[in-house]
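S.K.: Below you'll find the structure I mean.
Coordinate-derived values only; no laboratory data. Note that the coordinates shown come from a computational prediction; the quantities given were computed from them, not determined experimentally. Quick reminder, even Gly has a Cβ in these numbers, built from the backbone with ideal geometry, and neighbours come from all protein chains shown.
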Amino acid sequence: MDVILIDDDVDSTEIYSEYLSIKGFNVVGVGHNGKEAAELYRRLKPDVTVLDIMMPHFDGFFGIHEIRKMRKNAKIIIATADVSVDTAKKLEDLSPYAILHKPYDLDSLEDLLEEVKNMEEVKSYEKELMQK
């Protein structure tokens, strides 16, 4: 499964990328702001985008809006330390696949990605059955 990671913390993206690669996920791109998220999504068309919200220049909300313009049902996992009511409301309106509250452990991220992967496999199998 192809994944892009977007976080302004360069060290975090390196650690997450290495961990997910070891666990069998294909990290096809890494970015550090919402604009890079949109550009990477457009170019790489990943199965899942893991996206931080609070970033300088172009935040994660910008990234989500741009990605949703390209694909309304894109799988986006939000990673955020912001637990404000305002942020929660904005995220609710954008319907991310899941929200991880920082700090989170890597197993939680892996579990969510496995969930998406399994869901996609079921959809593929159902589609295959419908064609028979």
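S.K.: Given labels modelled 7 Å from the Cα in the Cβ direction, how far is it in nm from VAL28 to LYS127?
M.R.: 1.4 nm
S.K.: So what is the relative contact order for the chain, in percent, with contacts set as C-alpha pairs under 8 Å and at least six apart?
M.R.: 21 percent
S.K.: If one computes the Cα centroid of the stretch 86-132 and of the stretch 24-71, what distance in Å separates the two points?
M.R.: That distance is 15 Å.
S.K.: In Å and from the alpha-carbon atoms only, list the Rg and Dmax of the stretch 2-131.
M.R.: 14.4, 47
S.K.: Helix by helix, which DSSP H runs in the chain go 20 Å or more along their axis at the Cα atoms and have an average Kyte-Doolittle hydropathy of -1.0 or more?
M.R.: Those that pass (Cα extent of 20 Å or more, hydropathy at least -1.0) are 106-131.
S.K.: How much length, in nm to one decimal, is gained on full extension between SER21 and ASP9, taken as 0.36 nm per residue of separation minus their Cα-Cα distance?
M.R.: Gain on stretching SER21 to ASP9: 2.5 nm.
S.K.: Determine which aspartates and glutamates satisfy two conditions relative to LYS45: a Cα distance under 12 Å, and not lying fewer than 8 residues away in the same chain.
M.R.: ASP2
S.K.: At most 11 other Cβ atoms within 10 Å and a DSSP loop assignment: could you name the trypsin sites (Lys or Arg not before Pro) in the stretch 1-92 that fit?
M.R.: Those that pass, being in a loop and sparsely packed, are LYS72.
S.K.: In nm, to one decimal, how far is the ARG68 label point from the LYS102 one, both placed 7 Å along Cα→Cβ?
M.R.: Rounded to a tenth, the inter-label distance reads 2.2 nm.
S.K.: Given a Förster radius of 41 Å and the C-beta distance between ASP2 and VAL85 as r, what FRET efficiency does 1/(1 + (r/R0)^6) yield to the nearest 0.05?
M.R.: Taking R0 as 41 Å, the efficiency between ASP2 and VAL85 is 0.75.
S.K.: Further, regarding this structure: Any idea which of SER12, VAL83, LEU94 is furthest toward the positive side of the dipole for the chain, if Lys and Arg beta-carbons carry +1 and Asp and Glu beta-carbons -1?
M.R.: Comparing the listed Cα positions along the dipole, LEU94 ranks first.
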